[in-house]
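Student: Could you have a look at this structure, given as structure tokens, before my questions?
Read the figures in this text as sums done on the coordinates, not as results from a lab. Everything numeric here is computed off the predicted structure, so don't read it as measured data. Quick reminder, even Gly has a Cβ in these numbers, built from the backbone with ideal geometry, and neighbours come from all protein chains shown.
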Amino acid sequence: MDSDVTEAGQQPTHRRSEDDEGIFATVAVIGAGAMGSGIAQVAAGAGHRVVLADPVIGVAADARERISSSLDRLVGKGRLSRADADATLGRLVASESIHTLPECGLVIEAVPEDLRIKRLLFADLSERQPANTVLATNTSSIDIDAIARDVIDPERVLGLHFFNPPPVMELVEVVHGELTSPAYVEHVTALMRAWGKTPVRCASTPGFIVNRVARPFYGEAQRLVEAGVADPATVDWVLRERGGFPMGPFELTDFIGQDVNLAVGTSVWEQTDRDERYAPTDFQRRLVEAGTLGRKTGSGVYTYAADGTVEGAEPDLALAERLVGGPVATDPLARTLAMLVNEAVDLVHRGEASAEDVDIAMRLGVRYPRGPIEWGREIGFDVVAAQIAELDAAFPGGRYRPSPALSDGSLA
Ligand SMILES: NC(=O)c1ccc[n+]([C@@H]2O[C@H](COP(=O)([O-])OP(=O)(O)OC[C@H]3O[C@@H](n4cnc5c(N)ncnc54)[C@H](O)[C@@H]3O)[C@@H](O)[C@H]2O)c1
């Protein structure tokens, strides 16, 4: 694939040239579950011919039906014309064969999160598809190079990490492995923009941007409650009302599922050789062992009534007022922000993503009111460095390790 760099050395904006149309005209999405069906809808809506393939009989056809209903709902709300809805559906074909796909410009895989399945699938795709077909994975946590290990021409393998639900969520993390060619990253980044998405780029690092940087949002809150500093409702209140986060960490993990959140955290911890910074808490392990997984089981951190309201969890506002602005070790907001900033600047420091992309990813992927780098600038990186040092003194062991970028002036 040609690079997009012009003779003058400038980086032009992506042109949907005839050649690009040819290359990307047909898109295959493999795996027609929650993510695959949403991605197929987005791709067909952007004008591609789309094959949505799933080996389990009836699954792809059912997914196409669900997409049809979702398009009908958009027409009903006046957000899509009948003609566009019909044209989108008309471009989308369901298939039960993942081995007999047409030649595609792009294949996006959304099969279960299992390295063995993904690796076999990519090896097979690389033999059947043309050498310049981009092979993308929607993995949330698996290393891109591990998935590409048996692929012919592995420079065309990359991650396209969509967020759930793909038709609604604007963010896509475009993830490159060691072997991924920058030219493919460029092209796919431009393609995501053409699909109406906001792409951010990052290296294939554990958790990519969002799932890595967000870890302390959950972990610090759990540690505060474990230590008896405050109850969950009070911590949630502080993060929501004083921090401007749309949900507090406990209500959010109850919503996501404590098991799902623990699995993501554990995966990042394992992939970083059990770095203390990502160590899961006993607090969350106990919830999962007890089967109290959150809203889906009727109780998690909180207990839910049949109508979904939280039962008997009032924040202690007097306690909240005492904690906020006090020592960082017991201030839920300052402690969480310091660790979010530290994590974000460290990712940038390691060269895994740009500061701008980290901020965009956290605002769009988990709806933080501000990007953590921007927040760090506002608080002052020197202040954050002092807070992390204070936490390190209070809780030695490596979890509260300041990033060199807090004090080297590179992000000021
Ligand atoms: N659910 C999320 O919120 C979310 C968000 C971002 C990324 N992801 C990632 O997207 C991928 C898919 O997740 P999902 O939630 O859509 O899963 P899902 O279980 O809803 O769908 C997976 C689909 O893959 C099919 N499948 C099973 N084995 C297969 C095989 N060998 N080959 C091809 N297809 C096979 C299944 O029939 C199923 O329809 C995973 O890698 C996951 O980590 C999920």
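Student: Explain nothing, just the number: relative contact order of the chain, from Cα pairs under 8 Å at least 6 residues apart, as a whole percent.
Tutor: It rounds to 12 percent for the chain.
Student: Also: Mind giving me the FRET efficiency for D282 and N132? R0 is 60 Å, r the Cβ-Cβ distance, nearest 0.05 is fine.
Tutor: So the FRET efficiency works out to roughly 0.75.
Student: Further, regarding this structure: Fewest to most neighbouring Cβ within 10 Å: what's the order for R91, R156, R193?
Tutor: R193, R91, R156
Student: Give me the one-decimal nm value for the distance between modelled label points at T100 and E113, 7 Å along each residue's Cα-to-Cβ direction.
Tutor: Label-label distance for T100 and E113, simple model: 3.4 nm.
Student: A further question on this structure: Calculate, for D150 and A290, the FRET efficiency according to 1/(1 + (r/R0)^6) with r their C-beta to C-beta distance and R0 30 Å; round to the nearest 0.05.
Tutor: 0.15
Student: Where the centre of each part is set by its Cα atoms, how far does segment 290-318 sit from segment 205-258, in angstrom?
Tutor: When both Cα centres are located, 15 Å separates them.
Student: Scan around A94 for amide H atoms under 5 Å from its own, H built in the peptide plane at 1.01 Å from N, and keep only partners 5 or more places away or cross-chain.
Tutor: The list, which skips near neighbours in sequence, is L52.
Student: Kirkwood hydrodynamic radius, the chain, all distinct C-alpha pairs: what's the number in Å?
Tutor: Computed over the chain, the radius equals 22.8 Å.
Student: So how do 181-190, 359-368, 333-342 stack up, highest first, on mean other-Cβ count within 10 Å?
Tutor: 333-342, 359-368, 181-190
Student: So if I take the centroid of the Cα atoms in segment 39-98 and the same for segment 136-196, what is the distance between those two points in Å?
Tutor: So the two Cα centres are separated by 22 Å.
Student: How many Å³ per residue does the convex hull of the Cα positions in segment 212-406 occupy?
Tutor: Looking at segment 212-406, the number lands at 113 Å³ per residue.
Student: What lysines sit close enough to K77 to cross-link, taking a C-alpha to C-alpha distance under 26 Å and skipping anything fewer than 8 places away on the same chain?
Tutor: K197
Student: List the DSSP H helices in the chain whose Cα atoms stretch 24 Å or more along the helix axis and whose mean Kyte-Doolittle hydropathy is at least 0.5.
Tutor: Answer set is 332-349.
Student: How long is the gain from D275 to T297 if the chain were fully straight, where each residue apart is worth 0.36 nm and the alpha carbon distance is subtracted?
Tutor: Between D275 and T297, full extension yields 4.8 nm more.
Student: Debye calculation, C-alpha points only, no solvent: report log10 I(q)/I(0) for segment 18-203 at q = 0.12 Å⁻¹, in the same order as the q values.
Tutor: Ignoring solvent entirely, the Cα scatterers give -0.50.
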